[in-house]
Each structure stands twice: as C-alpha cells, then as structure tokens.
Amino acid sequence: MKHTLKFSLLVMILAGCASTPDTSNLVAEARQTAGGLVQTLGGELKGAMTNGGPVAAIGVCKERAPRIAAEAAQRTGMQIKRVSLKNRNPKGVPDAWETEALAGLEQRLAAGEKPETLDTHGIVNTPEGKVFRYAKALVMQPACLNCHGPADNLSPEVKAKLAAEYPDDKATGYTAGMIRGVLSIKKAL
Ligand code: HEC
C-alpha cells in the first residue's frame, strides 16, 4: 500500500514536470533578443540626441522603436512590445501578466538587485494554449530624463512636441534608477 502511494506520487510529480515545458532555451533567446533591442535602440537614441537634440530624438522613439521591435519579432517569431504603468504610447498599457511582472521587478530592484539584469519569465495558460512570457525591466538612466524626467528636465520644445504627439502622455516625472516599464516578449508554445 505504502509503495503504491509512493509510486503514484512519483507518477504525479513526473507528469507534472512533463506538462511544464523546459523554458531555458526560450529564456536565453528572449534575453538575447531583449538585450539586443535595448542596445540597438539606445545607440540610435544616443546618436539622434547628439545630432539633432531631444526633439528630433523623439522621432526615433516613436518611429524606430516599434520598427526595431517588429524586425526582431519577424526574426525570432516572438511578439515584442514595450509597456509601462505610466505609458506614453496609448498602446503601451500592460496586461495582467505584465502588471504583475512589473510589481515583482519593482520589489526586486528595491531589494538591491542590479537593474541591468532585472528580468522575469513564466508560462501562462490561455484558451489558445500555453504561452511563454518574458519581461525585461527598462530602468531610467540620466539620458532618459530629457523626455521622461520631472518637469524641470524637459525643455519647452520637448514639452510642446510631446503634448502634440501624445496628448495622453503619462510618462514623465521619473528619476534615474526608476523602472520606466518593461520590454515584453511573448511566444505561443
Ligand atoms: C528623445 C526623447 C526620449 C528619450 C531620450 C527617451 N525616450 Fe522613452 N519614449 C519617448 C517617446 C516619444 C516614447 C513613445 C514611443 C512610441 O510612440 O511608441 C517613449 C516610450 C518609451 C517606452 C514605452 C512605453 C510607453 O510609455 O509608451 C519606454 C519603456 C521608454 N520610453 C523608456 C525609455 C528609457 C529607459 C529611456 C532611456 C534609456 C528613454 N525611454 C529615453 C521618448 C524618449
């Protein structure tokens, strides 16, 4: 009797493992994709800031960020977007998983984890099947303040441009070191 119980427990545990896909490859791929995107976008942003100043660089964030993400999505078969609790792009609203991920990342940052490597992942059951989810924290650096900082950091030109392009902008008032949002990656399994 005891043995049967042990055996069935073992079967249950093994069955549980089998139904949870191994995510280590996916995590590695998501990390690589996210890291590459942050680097590419950061480089373009820096270049645009140096060449044309923050007003011109707003265009990079608006036009290039979604395009760079779309290119990476096509290459990897993953869905990629940027979301924030205080979004600038009206489409950048986090869903339930992303909201929870953001809360967890905030806690880990507060507990002293390094911002550069702050990310999280999981498998979510949906009516269409299992979906792999990944989120990388995007942390505010001094250069981001020109367009996301407190009012003092934003030039009148930047304020005017943001007001014209994003009438419902919530993405200002941040200081360096804060989590601005996440780069969110999804892949159907
Ligand atoms: C030149 C101005 C500018 C700078 C500098 C800038 N951003 Fe942005 N940011 C924008 C604009 C404009 C958008 C909206 C883009 C869009 O339409 O999708 C945006 C959107 C975002 C989003 C997407 C979520 C949302 O609110 O729509 C994140 C995350 C973000 N920025 C993080 C950063 C970080 C981190 C930095 C610094 C490394 C940074 N930004 C620097 C202008 C800027």
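Points worth noting:
- Count of residues meeting criterion [more than 9 Å from the ligand (Cβ to nearest atom), surrounded by fewer than 18 Cβ atoms within 10 Å (Cβ to Cβ) and under 30 Å from GLN107 (Cβ atoms)] in the range 156-177: 5
- Note on the range 72-104: residues that are within 15 Å of the ligand (Cβ to nearest atom), of a type in the set (Val, Ile, Thr) and outside any loop (DSSP other than H, G, I, E, B) amount to 3.
- Counting only residues that are touching a residue at least 60 places away in the same chain (Cβ under 8 Å) and buried (at least 19 other Cβ atoms within 10 Å of the Cβ), the range 119-142 holds 5 of them.
- Residues in the range 82-102 that are touching a residue at least 60 places away in the same chain (Cβ under 8 Å) and among the hydroxyl-bearing types (Ser, Thr, Tyr): SER84 alone.
- The range 57-71, subset near the ligand (Cβ under 8 Å from one of its atoms) and among the β-branched types (Val, Ile, Thr), residue surrounded by the fewest Cβ atoms within 10 Å (Cβ to Cβ): VAL60
- Every condition in (1) assigned to a helix (DSSP H, G or I); (2) at pLDDT 95 or above is met by LEU9 except one, and the failing one is (2).
- Boolean, ALA163 is touching a residue at least 24 places away in the same chain (Cβ under 8 Å), in a helix (DSSP H, G or I) and hydrophobic (A, V, I, L, M, F, W, C): no
- Taking the numbered list (1) within 20 Å of the chain's Cα centre (by Cα); (2) closer than 23 Å to ALA70 by Cα in turn, GLY177 passes all entries but (2).
- Test: LYS91 is in contact with a strand residue (DSSP E or B) (Cβ under 9 Å, 6 or more places away or on another chain) and loosely packed, with under 12 Cβ neighbours inside 10 Å: yes
The values are calculated or read from the model by the stated rules, or taken from the named source; none is laboratory data. Treat the numbers as computed from the prediction; the structure is a model and nothing was measured. Heads up, the Cβs are rebuilt from the backbone with ideal geometry, glycines too, and the neighbour counts pull from every protein chain shown.
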